[in-house]
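One structure is given here, and the rest of the page talks about it.
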Amino acid sequence: AGTDAIDISYWKITDRYEGNAYILPAGSVIESDEYLVIAKDSIAFSNVHPDITNVVGGYDFEWDNSGDDIRLFDIAGNEIIHMAYADSLGWPQGADGTGRTLELINPTADMNNPGSWFDGCIAGSPGEAYSPCNDALVFSEINYNSSAAMNAGDWVEILNTTADDMDISGWKFLDGEDSLIYTFESGTTIPANDRLVLSGD
């Protein structure tokens, strides 16, 4: 995020255990206002993101699903970045198993503060700056805590933003509690450029 290129050749990235380390290869230079992706499996990454070339990697440890540390050390062993994430409430929940990523609000934000992050797009935006998602489905209206005089219960409206009908049979709807799940019945379709209301009652 600075004004000069940074050579991070032979720096290392680790999880909470410093022994789980990946050493960045020679030539790992990040230009000003540019990005470098460090991928566990370079082949798997390229299969999903074939156009992203600013990527290195191939390490043999995994970030823990329930929470972990991500640490970056320079060539002299100085810790340059240390952030810890979790999948508990407070952290954006859309990145926990849904295909979305965590996106930092801005480069100067506190990376250890859950409020500094938001849910990114499906498959993320690796190797480039975030841009708003072109999601096929969006929540276009939400009703909760109705007035007593017009209590319709909780409901959400789902908009199909595409020019094609979307079959959402078997899809799941959840709130912040992963155990509270509504599954859409077989044959549930949202027509092109149309809406579906899901009501609690």
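What to note about this one:
- Meets criteria (open to solvent by less than 60 Å² (accessible area, probe 1.4 Å), in contact with a Cys (Cβ under 9 Å, 6 or more places away or on another chain) and closer than 22 Å to Gly67 by Cβ) for Gly120: yes
- Residue within the stretch 175-191 that is assigned to a strand (DSSP E or B) and under 17 Å from Arg100 (Cβ atoms) present: no
- Taken over the stretch 127-180, the criterion of being open to solvent by less than 50 Å² (accessible area, probe 1.4 Å) and β-branched (Val, Ile, Thr) is satisfied by Val156, Ile158, Thr162, Ile168.
- Selection of strands (runs of 3 or more DSSP E) fully inside the stretch 30-113 by the criterion of at least 1 residues being among the hydrophobic types (A, V, I, L, M, F, W, C) and open to solvent by 50 Å² or more (accessible area, probe 1.4 Å) returns 79-86, 102-104.
- Close Cβ contacts (under 7 Å, 6 or more residues apart or on different chains) running from residues in the stretch 87-107 that are under 11 Å from Gly120 (Cβ atoms) to residues that are of a type in the set (Asp, Glu) and open to solvent by 40 Å² or more (accessible area, probe 1.4 Å) comprise Pro92/Asp119; Gly94/Asp119; Ala95/Asp119; Arg100/Asp119.
- Subset tally (residues that are among the aliphatic types (A, V, I, L, M) and not in a loop (DSSP other than H, G, I, E, B)) for the stretch 1-29: 5
- Hits in the stretch 123-156 - residues which are touching a strand residue (DSSP E or B) at 6+ places or on another chain (Cβ under 6 Å) and either assigned to a helix (DSSP H, G or I) or under 30 Å from Gly67 (Cβ atoms) (or both): Pro126, Gly127, Tyr130, Leu137, Val138, Phe139, Ile142, Val156
The values are calculated or read from the model by the stated rules, or taken from the named source; none is laboratory data. Please read all numbers here as calculations on a predicted model, not as lab measurements. Positions of Cβ are backbone-derived with ideal geometry, glycine not excepted, and every protein chain shown enters the neighbour counts. Keep in mind that these areas ignore ligands, DNA and RNA; they rest on the heavy atoms of the full protein, side chains included. Shrake-Rupley method; radii C 1.70, N 1.55, O 1.52, S 1.80 Å.
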